[in-house]
Amino acid sequence: MGLLSFLKKPAPRLVSLPSGSLTVDRTGAVLASTLPSSFPNEMVNAIVQHVLWAFRGATEAQLPLAELVINYSSLKITARELRGGAMLFLNPKTSHAPGKK
Amino acid sequence: MTPEGQTTRHRILLVDDDPSLLELYRQIFAQLPSSPEILTANSGSRALAMLEAERFRLLICDLKMPKMDGLQVLSIVRRKYPELRTVALTAIPDEEFRSRVYSLGVDLFWHKPSTQQETEMFLECLESLLGQEVDNGFRGVQSKSLVDIVQLECLSQSSSVLRIANGSLSGKIWIQDGEVVDAEAGELAAEAAFLKILSWRAGTFETLPADPARQRAIFKSYNGLLLESAQAMDEARGEAANNGHTNGAPAAPLSPFAQMSQIEGVEFVLALKDGESGHEVARGLENPERMAAWTRQSLQHFHTLGDQLGAGRLEQIEGLGPQRNVTVAPRDAGLCVGWVHTVKPGEMRDRMKKALEVWDC
């Protein structure tokens with residue numbers, strides 16, 4: 001049984017949207033993070049790169065931004081500019097999350 | 001391939017990484033009364049390539065797949081092919097994923113059927129989805145008018161919360177033991193919110209679990225409420241028909257663009273056009289080309305990111321800066337509204353809702 005389970009193909013896993021924050025420097029390197037370790041690094045990098053691009057692009061368009069909020073139907077990403085880097089907050093939205101009164 | 005002449009035969013694309021399940025479902029779906037053509041794909045990327053090449057009526061997608069999971073596939077499909085009916089199949093009874101699937105605008109979230117009865121119910125739902133017209137009604141489990149949905153819930157003495165979305169607008173109706181007890185839509189509450197929601201002609205709805213703790217704020221019977229909403233809609237139609245015919249000459253209505261630029265705090269409105277560089281600006285903007293390029297690319301970046309994460313529809317991007325604030329919304333090729341920097345984020349959100357209501361009209 002042990003051998004069989006060793007040979008068994010690992011089942012694909014659905015990735016939950018993470019809740020937490022992270023700080024990155026101007027190169028996109030993660031300095032600190034409270035995101036769950038189960039959340040894939042490539043997805044963290046994708047978030048960071050897109051957000052840093054948006055800050056830089058805005059500056060080039062003469063629209064310097066201190067904060068970006070990206071609202072998806074299931075996730076809210078808040079990013080604060082930090083001397084070329086950024087501090088990011090990720091908050092999943094669910095139907096059963098307590099709403100604002 | 002579809003034989004020539006059989007133009008009404010619908011096509012279903014079935015996506016699962018397990019070939020034995022694909023074959024099993026192909027056999028099950030062959031029992032559908034409308035005899036659709038069933039094609040299969042064993043990965044998300046293959047499914048996207050097939051959708052690019054051929055026209056389908058319905059996509060049925062497993063959630064757990066390697067490399068590109070079902071949420072990522074559905075996220076891309078909902079954005080690129082909004083007219084395509086979509087079903088998410090899963091073996092995971094998980095509330096988080098159910099919620100995420102519906103927030104993507106998927107028509108149906110279904111646990112993989114394991115009994116004959118479940119299979120029959122599933123086939124009925126699929127047949128219903130295959131037969132639906134795209135343009136009218138509310139997209140939820142079945143395409144019905146909102147009045148039908150409320151009536152069904154009330155007649156069956158159900159307790160539930162209906163969440164209804166219509167473009168940028170959204171609302172909720174609380175039903176307890178077959179009576180409408182409360183509603184909210186934006187700043188409106190109770191009866192006013194109920195009437196507002198029922199005036200929407202199309203959208204999506206989702207049934208959420210009952211909320212028995214909700215305090216009753218509507219005391220009329222559901223029949224009375226529905227009658228009132230029908231009267232209000234008739235009156236609105238009458239007013240619309242009479243509009244512009246008073247004083248002899250019709251008044252020229254302001255364009256949505258002009259109306260948006262008159263909202264308090266708006267510095268500029270920039271609407272992108274399809275193509276690489278087209279745009280239209282209302283009010284002064286000193287560098288429209290750069291702003292248009294940033295808006296276009298930001299939307300591309302964050303659409304891509306949303307697809308990668310399976311985070312659902314990109315609703316909007318807000319930027320706060322020392323000189324001005326902006327809101328970017330994925331309307332048409334892209335819409336960017338600039339605000340004076342003194343407008344606070346909460347106010348900006350409320351005003352953007354109003355701006356999008358104008359734009360969506």
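Miscellaneous remarks
- Which listed residue is surrounded by fewer than 13 Cβ atoms within 10 Å (Cβ to Cβ) and without any contact (Cβ under 8 Å) to a residue 40 or more places away in the chain, from B:83, B:95: B:95
- Scanning segment B:294-301 finds no residues that are over 18 Å from residue A:58 (Cα atoms), modelled with pLDDT of 85 or more and not charged (D, E, K, R).
- Residue count, segment B:165-194 (criterion: over 19 Å from the mean Cα position of the chain (by Cα) and assigned to a strand (DSSP E or B)): 10
- When each of B:279, B:245 is tested for being touching a strand residue (DSSP E or B) at 6+ places or on another chain (Cβ under 6 Å) and either under 12 Å from residue B:334 (Cβ atoms) or at pLDDT below 65 (or both), the lone residue that passes is B:279.
- Test: residue A:73 is closer than 30 Å to residue B:17 by Cα and either touching a helix residue (DSSP H, G or I) at 6+ places or on another chain (Cβ under 9 Å) or modelled with pLDDT of 95 or more (or both): yes
- For segment B:306-337, a tally of residues being modelled with pLDDT of 90 or more and of a type in the set (Gly, Ala, Ser) returns 4.
- In segment B:306-327, the qualifying residues are those that are over 19 Å from residue A:49 (Cα atoms) and among the β-branched types (Val, Ile, Thr), and the one that is farthest from the other protein chains (Cβ to nearest Cβ) is B:327.
- Scanning segment B:286-305 for residues that are hydrophobic (A, V, I, L, M, F, W, C), buried (at least 19 other Cβ atoms within 10 Å of the Cβ) and either farther than 15 Å from residue B:316 by Cβ or at the interface with chain A (Cβ under 9 Å from one of its Cβ atoms) (or both) yields B:291, B:292, B:294, B:302, B:305.
- Entry remark, segment B:130-162: residues being at pLDDT 65 or above, under 23 Å from residue B:84 (Cα atoms) and crowded, with 18+ Cβ neighbours inside 10 Å number 2 in total.
- For residue B:184: the one exception among (1) exposed (fewer than 15 other Cβ atoms within 10 Å of the Cβ); (2) touching a helix residue (DSSP H, G or I) at 6+ places or on another chain (Cβ under 7 Å): (1)
- Exactly one residue out of A:35, A:90 is within 14 Å of another protein chain (Cβ to nearest Cβ), surrounded by 18 or more Cβ atoms within 10 Å (Cβ to Cβ) and at pLDDT 95 or above, and it is A:90.
- For first residues located in segment B:205-225 and more than 28 Å from residue B:100 (Cα to Cα), partners that are assigned to a loop (DSSP other than H, G, I, E, B) and modelled with pLDDT of 80 or more and lie 6+ apart or on another chain with Cβ distances below 9 Å form the pairs B:222/B:178; B:225/B:218.
- Any hit, segment A:74-87, residues being under 21 Å from residue B:94 (Cα atoms) and facing another protein chain (nearest Cβ under 7 Å): yes
- Here residue B:360 meets the list (1) surrounded by 22 or more Cβ atoms within 10 Å (Cβ to Cβ); (2) under 17 Å from the mean Cα position of the chain (by Cα) almost entirely, failing just condition (1).
- Residue in segment B:43-54 that is within 13 Å of chain A (Cβ to nearest Cβ) and among the hydroxyl-bearing types (Ser, Thr, Tyr) present: yes
- Taking every residue in segment A:45-70 that is more than 7 Å from chain B (Cβ to nearest Cβ) and pairing it with any residue that is buried (at least 21 other Cβ atoms within 10 Å of the Cβ) and not aliphatic (A, V, I, L, M), at least 6 positions away or on another chain, the pairs with Cβ-Cβ distances below 7 Å are A:55/A:81.
- Qualifying residue in segment B:326-339 (condition: surrounded by fewer than 19 Cβ atoms within 10 Å (Cβ to Cβ) and either without any contact (Cβ under 8 Å) to a residue 24 or more places away in the chain or over 24 Å from the mean Cα position of the chain (by Cα) (or both)): no
The values are calculated or read from the model by the stated rules, or taken from the named source; none is laboratory data. Treat the numbers as computed from the prediction; the structure is a model and nothing was measured. All Cβ positions, even for glycine, are placed from backbone atoms using ideal geometry, and neighbour counts span all protein chains on display.
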